[in-house]
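Undergrad: Would you mind keeping the following structure in view while I ask a few things?
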Amino acid sequence: MNVTVLFSGGKDSCLATWYALHQGWHVTSILVIEPRSPDSWMFHFPAIRWAHLQSEAIGVPATIVSSSSEKEKELDALKQSLAALKSKHRLDRVVSGAIASDYQKRRIDVICEEIGLASLAPLWRKDPELLLNETIALGFETYFVGVSALGLDERWLGRRLDRDSLSELKELSSKYGMHLSGEGGEYETFVADAGFFHSRIELKKTSKRWDGTSGFLVIHEAELSRKV
């Protein structure tokens, strides 16, 4: 079975990729939609320009497509790209890291149906705490690269997702009602290493962009390094 993964470089799309590989599916490519601004309704913005390094680390070629951030219009790039990949790789299915966003999943499902592909979401409706624990247990080296929710301040930018930060996230989720996995855009992540990566991504130079209530970790320089 030939599949492509809708890939953002964050914890959810990386976990969905791991699921696909673990199932023995032939992951022919990863599809990265790069929005032109952080206002996208569908796609991940922070650190997306470094997804090509993740593609190299995984050993699966990436198709990287720039997209409008306008609601609905940004779906055009997704549909056109999937149609092209279907023809090129004889795709059967599309894998996404959707967990709880009906808005995103419905649109992916509709596009897949229109072009004759099955839509798979292996994380869909799974317990978010279970999924976060799974990424930690699998050794994902995950960093917070965007925050936009009460309780998540500038100190979270560049912080690693581990047992301690997960414990704090649970407290904040309980206090403020944010989705534990950040499915509502409360936070974004970047995976620098995982068990299925052949190389690790080293973040050489970063800075924080903070506006008082939300912000991004800007990665200025990054490179692949050998695992020890």
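Undergrad: Quick one: accessible area per residue over the chain, 1.4 Å probe, rounded to a whole number of Å²?
TA: Ligands and nucleic acids excluded, the result is 47 Å² per residue.
Undergrad: Which value does Rg/Rh take for region 181-228 over its C-alpha atoms, Rh per Kirkwood?
TA: Across region 181-228, the Cα-based Rg/Rh ratio is 1.06.
Undergrad: To continue, here is another question. Pairs Lys170/Lys208; Lys79/Lys204; Lys126/Lys170: which are spaced more than 27 Å apart, C-alpha to C-alpha?
TA: Lys79/Lys204
Undergrad: For Cα pairs less than 8 Å apart in space and 6+ apart in sequence, what is the mean separation divided by the residue count of the chain, i.e. the relative contact order in percent?
TA: About 21 percent, as a whole number.
Undergrad: Any chance you could run the full-extension gain for Asp153 through Leu130? It's 0.36 nm times the residue separation minus the Cα-Cα distance, nm to one decimal.
TA: Roughly 5.9 nm would be gained on extension.
Undergrad: What part of the accessible area of the chain, given as a whole %, is carbon or sulfur when the probe is 1.4 angstrom?
TA: Working: 4940 of 10740 Å².
C and S fraction of accessible area: 46 percent.
Undergrad: Can I ask one more? Measuring from label point to label point, each 7 Å out along Cα→Cβ, what is the His198 to Ser87 span in nm?
TA: 2.9
Undergrad: Mind putting a number on the dipole of the chain about its Cα centre? Charges go on the C-beta only, +1 for Lys and Arg and -1 for Asp and Glu, and I need it in Debye to the nearest 20.
TA: For this selection, approximately 460 debye.
Undergrad: Before anything else, pin down the relative contact order of region 107-189: Cα pairs under 8 Å, at least 6 apart, normalised by residue count, whole percent.
TA: 29
Undergrad: For region 153-221, take N as its residue count and report Rg(C-alpha) divided by 2.2 N^0.38 Å.
TA: For region 153-221, the normalised Cα radius of gyration comes out at 1.23.
Undergrad: For region 1-136, compute Rg over Rh where Rg is the Cα radius of gyration and Rh is the Kirkwood radius from the inverse mean 1/r over Cα pairs.
TA: 0.92
Undergrad: Amide H to amide H under 5 Å from Val218: which residues, 5+ apart in sequence or cross-chain, H placed 1.01 Å off N in plane?
TA: Placed amide hydrogens put Ser207, Lys208, Arg209 under 5 Å from Val218.
Undergrad: Let me ask something else. Work out the P(r) tail for region 89-165: percent of alpha carbon pairs separated by more than 18 Å, whole number.
TA: Value for region 89-165: 58 percent of Cα pairs lie more than 18 Å apart.
Undergrad: Sticking with this one: How much length, in nm to one decimal, is gained on full extension between Gln23 and Lys79, taken as 0.36 nm per residue of separation minus their Cα-Cα distance?
TA: Numbers: separation 56, 0.36 × 56 = 20.16 nm, distance 2.54 nm.
Result for the pair: 17.6 nm of gain on full extension.
Undergrad: Next question. Going down the table (Lys205/Lys227; Lys88/Lys227; Lys11/Lys86), which pairs top 21 Å between alpha carbons?
TA: Numbers: Lys205/Lys227 19 Å; Lys88/Lys227 33 Å; Lys11/Lys86 25 Å.
Beyond 21 Å: Lys88/Lys227; Lys11/Lys86.
The values are calculated or read from the model by the stated rules, or taken from the named source; none is laboratory data. Treat the numbers as computed from the prediction; the structure is a model and nothing was measured. Cβ atoms come from the backbone with ideal geometry, glycine included; neighbour counts cover every protein chain shown. For the accessible areas, the whole protein counts, side chains as well, though only heavy atoms, and no ligand, DNA or RNA atoms are used. Shrake-Rupley method; radii C 1.70, N 1.55, O 1.52, S 1.80 Å.
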